[in-house]
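Written out below as structure tokens is the structure these notes cover.
The values are calculated or read from the model by the stated rules, or taken from the named source; none is laboratory data. As the structure is a prediction and not an experimental result, all values here were calculated from the model. Cβ sites come from the backbone with ideal geometry, for glycine too, and all protein chains shown count toward neighbours. Please note that ligands, DNA and RNA were not included when accessible areas were found on the heavy atoms of the full protein model with its side chains. Shrake-Rupley method; radii C 1.70, N 1.55, O 1.52, S 1.80 Å.
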Amino acid sequence: MRAVPAYAAERPNGPLVKTTVRRRALGEHDIVIDIKYTGICHTDLHQVAEDWGAGTFPMVPGHEIAGVVGEVGPGVTRWQVGDRVGVGCFVDSCRTCDNCRAGLQQYCTGEGGTVFTYNNTGRDGLPTYGGYSAELVVDEAYALRIPDSLPLDAAAPLLCAGITLYSPLAHWGAGPGTKVAVVGLGGLGHLGVKLAHAMGAEVTVLSQSLRKREDGLRFGADDYRATSDPATFTELAGAFDLIVNTVSADLDLTAYLGLLRVDGTLVQLGAPAEPVRLNAGALLSARRSLAGSQIGGLPQTQEMLDFCGEHGITADIELIRAEQINEAFRRLEEGDVRYRFVIDAATI
């Protein structure tokens, strides 16, 4: 076992404190990642608060991990010491179910399902600990190559926020000749705008207010509309091929569905606490679809990283020291970040 410094919540809703966790010894096909940077995702807040079910404590959050390979097991063939690598939301899966074989490990249906990077139990029976730490031991197959053109700190959020937006944009065909709307301009939404723009789509941001309009246009949006203005839903009725909703608020989905063209799709990415409400007529009237999407599998995540490397796409970040994690949690809860906090793991 390896003793590794980390920041962990010792109890639900508790502050994150400096501690030591024990990771498994290096296996034949494992690599040790010397973590350089880890993004703070809103999921981390939910998990520590047990908003989505009972957690395992001490809990080390973090699934937007960027670093370099520090050691390799004797059977490793994909990586060498010094390679730039990342790890996202999961670190294992059954590998044999239809979804795993199709490269959709995030939807693993095999025994035990997807093994998430933290607050989960690995197939070795040990708890998984995330990236708020100095090192990660992971099977070589579940690490991803970060292009040399991307700085590791600003690339870290791509491992969750980036793939969360890239996957639905790619799956539903965002590209030249399509009109895409991104609901919300936060940690997810700002990357959605950058990605959809780079794919060649005409992009509109739909946000509560116009407060971040200049940022949205700088990221590549062609238009920016306030959803607090009823005229937005009148003037843009039937305008979009695809809408990706990044917010977890209880929105009037019927109104947003009305912004879709015939055969248009609204993809839900945020997870509202309450069941969603909608009028089925909004679907029936134009053969519209309401869908959901969850991160991406290993092949598509690598595809996303390569795409970002080619187009120079990274997150807009605020780099923090480890001792600022609790303050960052508070500010993230208040929406006070543009647009992603990233921890400098050297300070752990």
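For the chain, take the longest principal axis of its alpha carbons; what is the angle in degrees between that and the long axis of helix 189-199, to the nearest 10 within 0 to 90?
With both axes taken from Cα atoms, the answer is about 80 degrees.
If packing is taken as the average number of other Cβ atoms within 10 Å across a peptide's residues, how do 329-336, 241-248 rank, most packed first?
Packing proxy ranking, top to bottom: 241-248, 329-336.
Compute the angle between helix 298-311 and the longest alpha-carbon principal axis of the chain, please, reported from 0 to 90 degrees and rounded to the nearest 10.
70
Just the number, please: carbon plus sulfur as a percent of the accessible area of the chain, 1.4 Å probe, no ligands or DNA/RNA counted.
Looking at the chain in its full context, I get 48 percent from C and S.
Taking 0.36 nm per intervening residue step and subtracting the Cα-Cα distance, what contour gain separates ARG78 from GLU50 on full extension?
6.5 nm
What distance in nm separates the two pseudo spin-label positions at ASP252 and GLU71, each 7 Å out from Cα along the beta-carbon direction?
5.9
Would you tally the net charge around LEU278, using a Cβ to Cβ cut-off of less than 12 Å, leaving LEU278 out, and scoring K and R as +1, D and E as -1? Mind showing how you got there, number by number?
Working: positive: ARG277, ARG288; negative: ASP250, ASP252.
Value of the local net charge: 0.
Under a point-charge model restricted to the Cβ atoms of Lys and Arg (+1) and Asp and Glu (-1), what is the dipole moment magnitude of segment 161-292 relative to its Cα centre, in debye to the nearest 20?
Dipole size: approximately 120 debye.
What is the packing order of peptides 81-90, 261-270, 187-196, taking the mean over residues of other C-beta atoms within 10 Å and listing the highest first? Before the final figure, lay out the partial values.
Working: 81-90: 20.5, 261-270: 18.9, 187-196: 28.3.
Descending packing order for the listed peptides: 187-196, 81-90, 261-270.
Hey, which lysines would be in cross-link range of LYS179, C-alpha to C-alpha under 28 Å, not counting anything within fewer than 8 residues on its own chain?
Answer for LYS179, where 28 Å is the Cα cut-off: LYS194, LYS212, listed by chain and number.
Got a sec? What order do LYS18, LYS212 fall in by accessible area at 1.4 Å, biggest, i.e. largest, first?
Sorted descending by solvent-accessible area, the residues read LYS18, LYS212.
DSSP beta bridges in the chain, what fraction antiparallel, as a percent rounded to 5?
55
Can you compute the modelled spin-label distance between ALA226 and SER289, with each label point 7 Å from Cα toward Cβ, in nm?
3.5
With just the Cα atoms of the chain, tell me how far they stretch along each of the three principal axes, in Å, largest first.
Over the chain, Cα extents along the principal axes are 60, 40, 37 Å.
Might you tell me the accessible area per residue for the chain, computed with a 1.4 Å probe and given in Å²?
Ligands and nucleic acids excluded, the result is 41 Å² per residue.
Take the eigenvalues of the Cα gyration tensor for segment 161-292, scale each by 5, and report the square roots as semi-axes in whole Å, largest first. Don't skip to the answer; put the middle values down first.
Working: eigenvalues 78, 51, 45 Å².
That gives 20, 16, 15 Å for the three semi-axes.
Taking the alpha-carbon distance from LYS36 and a cut-off under 23 Å, which lysines remain once sequence neighbours fewer than 8 residues away in the same chain are dropped?
Cross-link targets: LYS18.
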